[in-house]
Amino acid sequence: MSHVWVIGDGTPAYEIAKLAQSAGHLVFTSFVDEKGNPDELIYEQSQQGFAPFTRQPEANPDVIIEAIIRKSKKLTAWRGYAVELRKSLSDTPMLVSTLSASATEISAWVARTKMVPRQSIIGWATLPPIEHSSAVELLPTQFSNERALGLAKDFFTSLGKEPVIIKDCVGGVLPRVVASLINNAAYALMEGVASAADIDAAMKLGTNYPYGPLEWADKIGLDQVLGILEALCEAYGQDRYQPAPMLRQLVYAGHWGKRTGRGFYEYR
């Protein structure tokens, strides 16, 4: 059994923590607020058998997994945990979400704060709900060592996920492609091409995808989709990643999909 420290701010962090716990790992959690600062209230309200991360030696993890999508929040969180990381985690592999920044960029932040060596950083990417994903993308940087990559593979394999190695980039493969598909569907809905149900029906029947793009968006979380698209826009400066105004409006209104009861569809 490994000690796993999960740092996150929402659904992906909780899902990873639950999966790791079910796989027999001892899970420690640190949740952050809307700005990326440590938030004990979030922990108290949402912890389900996870231990809060402590500075005690027995809590030192074998692997750290960070699951924060928003880039500004991610940077704040890393700064907030710099002291703990510098103290005793220098050899611990750090698996960082690449949905808003590449693992190479994150490793540069880490190197500047002297938290851990760049060699320990491995990027990872997938989409929620993570429990339904059969694969997880791993994105090593030019600095990543074989030990860190091997432990990253072992960790995700222990969760029942097939590791797929890809080039380090923002968004990975699946999140980038699916977010773009959802965005195009949102534009089609906004432009009155068809109803949400008809767009989803056409896509499911035409592609054999398990979900239509708008239904898929509601399952992932519209806030998560918007975060990915904004990061892709910033990284590549291409109009094809510009989020549909309808998607932005739904997120700003707090309609994030199934978990809030409303997104492109309403849920009771």
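The values are calculated or read from the model by the stated rules, or taken from the named source; none is laboratory data. The shown structure was predicted, so the numbers you read here are calculated from the model rather than taken from an experiment. Neighbour counts are summed over all protein chains in view; Cβ atoms, including those assigned to glycine, are modelled from backbone coordinates with ideal geometry.
Observations on the structure shown:
- LEU127 being in contact with a Ser or Thr (Cβ under 8 Å, 6 or more places away or on another chain), surrounded by 21 or more Cβ atoms within 10 Å (Cβ to Cβ), among the aliphatic types (A, V, I, L, M) and in a loop (DSSP other than H, G, I, E, B): yes
- The helices (runs of 4 or more DSSP H) found entirely in region 203-268 that carry 3 or more residues being at pLDDT below 95 are 222-236.
- Selection within region 130-179 - within 16 Å of the chain's Cα centre (by Cα), acidic (Asp, Glu) and surrounded by fewer than 16 Cβ atoms within 10 Å (Cβ to Cβ): GLU131
- Look at region 255-268: where a residue is touching a residue at least 40 places away in the same chain (Cβ under 8 Å) and of a type in the set (A, V, I, L, M), no partner that is surrounded by 17 or more Cβ atoms within 10 Å (Cβ to Cβ) and part of a loop (DSSP other than H, G, I, E, B) sits 6+ places away or on another chain with Cβ atoms under 7 Å.
- Subset of region 203-218 [small (Gly, Ala, Ser) and loosely packed, with under 15 Cβ neighbours inside 10 Å]: GLY206
- Residue match in region 162-177 (condition: part of a helix (DSSP H, G or I) and without any contact (Cβ under 8 Å) to a residue 24 or more places away in the chain): yes
- Any hit, region 195-202, residues being surrounded by 23 or more Cβ atoms within 10 Å (Cβ to Cβ) and in contact (Cβ under 8 Å) with a residue 24 or more places away in the chain: no
- Scanning region 101-120 for residues that are modelled with pLDDT under 85 and in a helix (DSSP H, G or I) returns TRP109, VAL110, ALA111, ARG112, THR113.
- First in region 140-152 and part of a loop (DSSP other than H, G, I, E, B), second anywhere and of a type in the set (Lys, Arg), Cβ under 8 Å, 6 or more apart: THR141/ARG118; PHE143/ARG118; SER144/ARG118
- Qualifying positions in region 10-48 - modelled with pLDDT of 80 or more, part of a helix (DSSP H, G or I) and either hydrophobic (A, V, I, L, M, F, W, C) or surrounded by fewer than 17 Cβ atoms within 10 Å (Cβ to Cβ) (or both): ALA13, ILE16, ALA17, LEU19, ALA20, SER22
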